Amino acid sequence: AFRVALVNDAWLQQIRSHVERHIGRIERVLPGDPARETADVLYVKPINSRPYHTLVTAGMSSVAMQVPPDASAPRRIELMMTLPEAWKLSSDSNDERAHWPARLLQSLSRWPREHQGWLGWGRTVPNGDPPQPLAPRTALCGVIVAPSLLVPVAFYELDIDGERVAFYSAIPLYLEELELQARGGMATLLERLLHHDINDVVDIKRRNVAKKKWFGFF
């Protein structure tokens with residue numbers, strides 16, 4: 001499997017152990033692309049106590065992000081996505097209908113280096129300019145970075161050799177939700193998502209919480 005520059009096996013092993021301790025046994029590793037410097041993605045299959053497919057990057061945290069001094073945010077992160085149990089993860093990794101979340105995570109894993117920026121709680125990333133759908137049959141076209149509501153609190157952070165590594169979820173958003181976050185801030189958007197019991201489980205047909213038809217009082 002591909003290893004991002006500066007990542008050693010000990011670093012990756014600690015990430016793997018952290019995932020297996022709090023999420024479940026790693027079923028397989030989806031290797032990153034050496035040419036694009038993308039991270040590996042760890043896959044944990046559903047079990048009775050956690051009926052979701054879970055994808056977690058391994059290696060993104062190897063390079064510290066350029067976090068502004070006035071931002072109280074970790075400089076090293078890994079990202080995850082949670083898929084419903086019914087999601088058809090085929091053995092064919094070229095099936096984009098099934099594997100686009102892993103591709104998205106790998107793309108996000110190189111985003112801070114590519115843009116000389118940083119990702120953290122409340123930051124959004126549109127899929128292009130103008131934003132394009134993340135996958136066929138959905139209008140979701142970007143993500144917001146936020147803690148997962150479906151993992152133990154102990155999973156949120158890991159100390160590796162004195163370095164703080166945070167684990168966040170990449171939650172897909174609609175264009176109007178991206179615009180709402182830009183206007184009203186993270187709290188406004190997350191409040192609406194929580195109001196409609198929308199968590200970080202990917203649903204390509206979920207309601208758009210920024211559209212007025214869902215909020216008669218707006």
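Using alpha carbons only, how many degrees (0 to 90, rounded to 10) separate the axis of helix 175-184 from the longest principal axis of the chain?
90
Under the rule of -39500 (n - 2.57) per DSSP H run of 4 or more residues, summed and divided by the residues of the chain, what mean residue ellipticity at 222 nm is obtained, to the nearest 500 deg cm²/dmol? List each step's numbers first, then the result.
Working: 4 runs with 54 residues, N = 218.
For the chain, the value works out to -8000 deg cm²/dmol.
For the chain, set up a Gaussian network in which alpha carbons nearer than 10 Å are linked by springs, and say which option among 13, 181, 106 fluctuates the most.
Highest fluctuation of the listed residues: 13.
Any chance you could give the angle, 0 to 90 degrees and rounded to 10, that helix 186-195 forms with the longest Cα principal axis of the chain?
80
With equal scatterers on the alpha carbons only and no solvent term, can you work out the Debye log10 of I(q)/I(0) for the chain at 0.11 1/Å?
The Debye formula, applied to the Cα set alone, gives -0.51.
Return the long-range amide H neighbours of residue 78 (sequence gap of 5 or more, or a different chain), with a cut-off of under 5 Å between placed amide H atoms.
Long-range HN contacts for residue 78: 166, 167, 168.
May I ask for the Rg/Rh ratio of the stretch 18-144, computed from Cα atoms with Rh as the Kirkwood radius, given to two decimals?
Numbers: Rg = 15.0 Å, Rh = 15.6 Å.
Computed over Cα atoms, the ratio is 0.96.
Treating cross-link reach as a plain straight distance, find the aspartates and glutamates whose alpha-carbon is under 15 Å from the alpha-carbon of residue 211, omitting any fewer than eight places away in the same chain.
Output for residue 211: 176, 177, 179, 191.
Taking only Cα atoms, what is the 0 to 90° angle, nearest 10, from helix 9-22's long axis to the longest principal axis of the chain?
Here the helix axis deviates by roughly 50 degrees.
If you average the alpha carbon positions of the stretch 1-71 and of the stretch 129-172, how far apart do those two centres end up, in angstrom?
One Cα centre to the other: 12 Å.
Within the chain, which is the longest segment containing none of the trypsin sites (Lys or Arg not before Pro) that sit in a DSSP loop and have at most 16 other Cβ atoms within 10 Å?
Here the longest segment lacking exposed loop sites spans 138-204.
Need one number: nm distance between label points at residue 64 and residue 179, each 7 Å from Cα along Cα→Cβ, rounded to one decimal.
It works out to 3.9 nm between the two label points.
Quick note: the coordinates plus some simple rules give every number you see, no bench work behind them. Bear in mind that the values here come from a model prediction, so they are computed numbers and not experimental data. Please note: Cβ atoms are built from the backbone with ideal geometry, for glycine as well, and neighbour counts cover all protein chains shown.
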